[in-house]
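Accompanying notes for the structure given below.
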Amino acid sequence: MTIEIQNINVFYKNGHEALHNASCQIPDGSITALLGVNGSGKTTLFRSIMGVLRINSGKITIDGQSPNVAIKNNLISYVPQYDDIDWEFPILVKDVVMMGRYSYMNFMRTPNPVDYKIVEESLKKVGMDDLINRQIGELSGGQKKRVFIARALAQESKILLLDEPFTGVDSKTQETILELIKQEREKNKIILISTHDLNIVPEICDRTILINKTVQVEGLTQEVFTKENLVNTFGNHLNYYNLNNG
Amino acid sequence: MFDFLISPFQYGFMLNALIISIFISIPASILSCFLVLKGWSLIGDAISHAVLPGIVIAYILNIPLIIGAFFAGLFCSLATGFLKNNSRVKEDTVMGVVFSGMFAFGIVMYTKIETNIHLDHILFGNLLGINNTDLKFSTFISMSVLTILLLKWKDLLVFCFDITHARSLGLNITILHYGLLIILSLIIVSNLKAVGIILSIALLIIPGATGFLTSNDFKRMLIIATLSTVTAAVLGVYISYYIDSAPAPTIVLFMTMNFLLAYILFSAKKTIYVSNKTKN
Ligand SMILES: Nc1ncnc2c1ncn2[C@@H]1O[C@H](COP(=O)(O)OP(=O)(O)O)[C@@H](O)[C@H]1O
Ligand SMILES: [Mg+2]
């Protein structure tokens, strides 16, 4: 299975063009990094894949079919970036993770014992099983991220989209997330991670996409992740992003 | 004491007023929770005002006023959505233009046309003038809306909380969006006879705001919103009888007192959130 993105242009309602002629491929059984500065269109790309934003031209297919079909088949789970969640929302940790199971449930979304078991296991995997009755705003940055990772795990989809999962998290959380993502790769999933943290890229990402309003380069990490390409994408920001290697 | 409790209800109109207040409080409170969390409180305000021209036109065409009100409300929300999607103006701005325009149009028509409609009944309701037909109609709408909300509250909650996740679950966002707007219009119309345009806005904002202040969890928010509003409805009808005031505004006063109580008991922190949301 592959996500294929062909020459997409995406405009926001205010007329701003966030993606211009962007193309890339994201295959399964691997972890793909989506790298770019703030405002380069990473979140826009995720939203386009999810079909919450209409693409103005070009084409996105998932396994040869439209994103709508993929979504109907529960193929995609999505971990939103920090700012996209309202942290004051009156909802408990366990209920957020249970939301990952809704597509398996009946009309009224009544959980069955399997759903409860999977929610419990997912919370355990991310190490949040002792905080299930907390309101989501009453957690640290790392804990918040873990809840949404748990929700994505509970959803058991073929495709995992993670929008900046490492931003604002502690190093223990980062280790946990990295370990879980590696395990998911073994299940032959498509995993796309946007990040600012360049250090983790050579460590775990098989493929890299460099984005700045358009896809500048994409391919195997060992070929794409060169100083020259990175300077081209990040420009003067490169030092800011604290690159230690390459 | 017993006398004190039942004496208002020797009058049929007082009993009707009590029953209808309770029946409209329950679904309105639940809906209010979703509106506050979605940041849609102002939409309730807008639709409530926008029903006025619908009522006048329905009068002219000699069709049930309720039908005119419903379609005017729906027109307001659709027109707002259309203008927003096709311009750079923000939603709340567009909404303000649409509903005040429609309201003004309604008033102008009203003053031009000989009608037997009382403007103050439309604006403030006529809780003591409720007849059995009104009672049946309001009960029917309230119970239908309540059933839908209780069956689909989880889907609506995901829709309010994380729309991208709702999408990834394969939920139909368009149906949820317009479904909620239609329910909102229905509730406003069903409240119209009892509490009127202006006070129905209170029923769509205060319960959710009170529930929000007191809760970390949505189920609790629903329960507190509903209980506090039903209590206010019962107290409002009673007290208005003894102090000889209009029941609908008295109910709203009690709702406001509940909100203030919640505000005092549970930190002021969350209020800022509610007001930010309401502005959106
Ligand atoms: N809702 C929106 N309306 C208008 N412009 C937006 C919206 N969301 C993002 N943008 C703009 O689109 C560009 C890409 O944004 P985004 O995809 O969020 O970038 P990233 O996730 O890489 O930081 C930015 O210039 C941003 O300002
Ligand atoms: Mg982003």
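Residue check: A:Thr214 meets all listed conditions (1) within 18 Å of the chain's Cα centre (by Cα); (2) open to solvent by 10 Å² or more (accessible area, probe 1.4 Å); (3) at pLDDT 95 or above but one, namely (1). The residue that is surrounded by the fewest Cβ atoms within 10 Å (Cβ to Cβ), among those in the stretch A:73-97 that are outside any loop (DSSP other than H, G, I, E, B) and more than 9 Å from every other protein chain (Cβ to nearest Cβ), is A:Asp83. With the structure loaded, tell me whether B:Asp162 is touching a residue at least 12 places away in the same chain (Cβ under 8 Å) and closer than 30 Å to A:Lys158 by Cα or whether it fails that test. No: the conditions fail for B:Asp162. When B:Phe34 is tested against the conditions (1) assigned to a helix (DSSP H, G or I); (2) open to solvent by 10 Å² or more (accessible area, probe 1.4 Å), the lone failure is (2). On inspection, B:Ile163 qualifies as over 21 Å from the mean Cα position of the chain (by Cα), of a type in the set (Val, Ile, Thr) and open to solvent by 40 Å² or more (accessible area, probe 1.4 Å). Taking the conditions (1) more than 14 Å from every other protein chain (Cβ to nearest Cβ); (2) surrounded by 21 or more Cβ atoms within 10 Å (Cβ to Cβ); (3) more than 9 Å from ligand 1 (Cβ to nearest atom) in turn, A:Ile49 satisfies each one other than (1).
How many residues, within the stretch A:16-39, are within 13 Å of ligand 2 (Cβ to nearest atom) and either modelled with pLDDT under 95 or in a helix (DSSP H, G or I) (or both)? Final tally of qualifying residues: 4.
Taking the stretch A:143-179 as the range and being within 16 Å of ligand 1 (Cβ to nearest atom), in contact with a helix residue (DSSP H, G or I) (Cβ under 6 Å, 6 or more places away or on another chain) and open to solvent by 30 Å² or more (accessible area, probe 1.4 Å) as the test, only A:Gly168 passes.
Residues are listed down the side, and each one gets a yes or a no for (1) at pLDDT below 95; (2) open to solvent by 10 Å² or more (accessible area, probe 1.4 Å); (3) part of a helix (DSSP H, G or I); (4) among the charged types (D, E, K, R):
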site	(1), (2), (3), (4)
A:Leu192	no, no, no, no
A:Pro202	yes, yes, yes, no
A:Asn229	yes, yes, yes, no
A:Thr233	yes, no, yes, no
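Among the residues of the stretch A:41-65, the ones that are within 16 Å of ligand 2 (Cβ to nearest atom) and either touching a residue at least 60 places away in the same chain (Cβ under 8 Å) or not in a helix (DSSP H, G or I) (or both) come to 9 in all. One residue alone among B:Ser32, B:Ser25, B:Ser48, B:Ser41 is under 12 Å from the mean Cα position of the chain (by Cα) and within 14 Å of chain A (Cβ to nearest Cβ), and that residue is B:Ser32.
Within the option set A:Lys13, A:Lys94, being basic (Lys, Arg) and more than 16 Å from ligand 1 (Cβ to nearest atom) holds for one residue only, A:Lys94. Between B:Ile188, B:Ile175, B:Ile205, B:Ile224, the distinction of being free of Cβ contacts under 8 Å to residues at least 60 places away in the same chain and touching a Gly at 6+ places or on another chain (Cβ under 7 Å) belongs to B:Ile224 only.
Considering only residues that are open to solvent by less than 40 Å² (accessible area, probe 1.4 Å) and either within 14 Å of chain B (Cβ to nearest Cβ) or out of contact with any helix residue (DSSP H, G or I) (no Cβ under 7 Å at 6 or more places or on another chain) (or both), which ones fall in the stretch A:4-16? Result: A:Ile5, A:Asn9. Checking A:Gly36, A:Gly29 one by one, the residue that is open to solvent by less than 10 Å² (accessible area, probe 1.4 Å) and over 16 Å from B:Asn172 (Cα atoms) is A:Gly36 and no other. In a residue-by-residue description of the stretch B:225-237, the property of being closer than 16 Å to A:Phe89 by Cα, at pLDDT 95 or above and either touching a helix residue (DSSP H, G or I) at 6+ places or on another chain (Cβ under 7 Å) or crowded, with 18+ Cβ neighbours inside 10 Å (or both) applies to at least one position.
Note on the stretch B:147-248: enclosed helices (runs of 4 or more DSSP H) holding 2 or more residues that are closer than 30 Å to B:Gln10 by Cα are B:173-214, B:218-243. Of all residues in the stretch B:26-53, those that are at pLDDT below 95 and of a type in the set (Gly, Ala, Ser) total 6.
The values are calculated or read from the model by the stated rules, or taken from the named source; none is laboratory data. Remember, predicted model here, so these are calculated numbers, not experimental data. So basically every Cβ, Gly included, is an ideal-geometry build from the backbone, and we count neighbours across all protein chains shown. Areas reflect the complete protein model, heavy atoms only, side chains present, ligands, DNA and RNA absent. Shrake-Rupley method; radii C 1.70, N 1.55, O 1.52, S 1.80 Å.
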